[in-house]
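Worksheet: the structure to be examined is printed underneath.
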C-alpha cells in the first residue's frame, strides 16, 4: 500500500512540475501578448493623430492650389471688363457722344 501511495505522490509531483512549466510558458506568452496589445494601441493613437495632420495639410494644399486659379479668374474678369468697355467706347464714339 505504501508503494502505491508513493507512486501516486510521484505522479502528482511530476504533474505539478509539468503544470508549473506550462504556467510559466503561458505567463511569458501573456506578457508578450500584453506588450503587443499596448504597442497596437500606441500605433492606433499615432495613426489617428497622423490622420488629423494629413487632413489639415490637405486643406492647406487645396487652398494653395486655388490661389493661381483665383488670380487667373481675376485676370480673365478684368480682360472681359476691358473688352466690354472698349466695345461700349467704340459704340459711343461711332454714335458721336
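Here, each number is a calculation from the coordinates, and none is a lab measurement. Only a predicted model underlies this, so the values are computations on that prediction, with no experimental measurement involved.
Structure notes:
- Segment 45-83 and segment 1-16: distance between their alpha carbon centers, rounded to Å: 82 Å
- Selected from 41, 11, 65 as most flexible by GNM, with the chain as the system and alpha-carbon contacts under 10 Å: 11
- Residue-averaged 222 nm ellipticity for the chain, from DSSP H runs of 4+ at -39500 (n - 2.57), nearest 500: -37000 deg cm²/dmol
- Labels on offer are (i) 8.5; (ii) 10.4; (iii) 6.1, and the one holding mean projected area of the Cα convex hull in nm² computed from this structure is (ii).
- Between the helical axis of 2-95 and the longest alpha-carbon principal axis of the chain there is an angle of about 0 degrees.
- Length available on full extension from residue 4 to residue 17: 0.36 nm per residue minus the Cα-Cα distance, which gives 2.7 nm.
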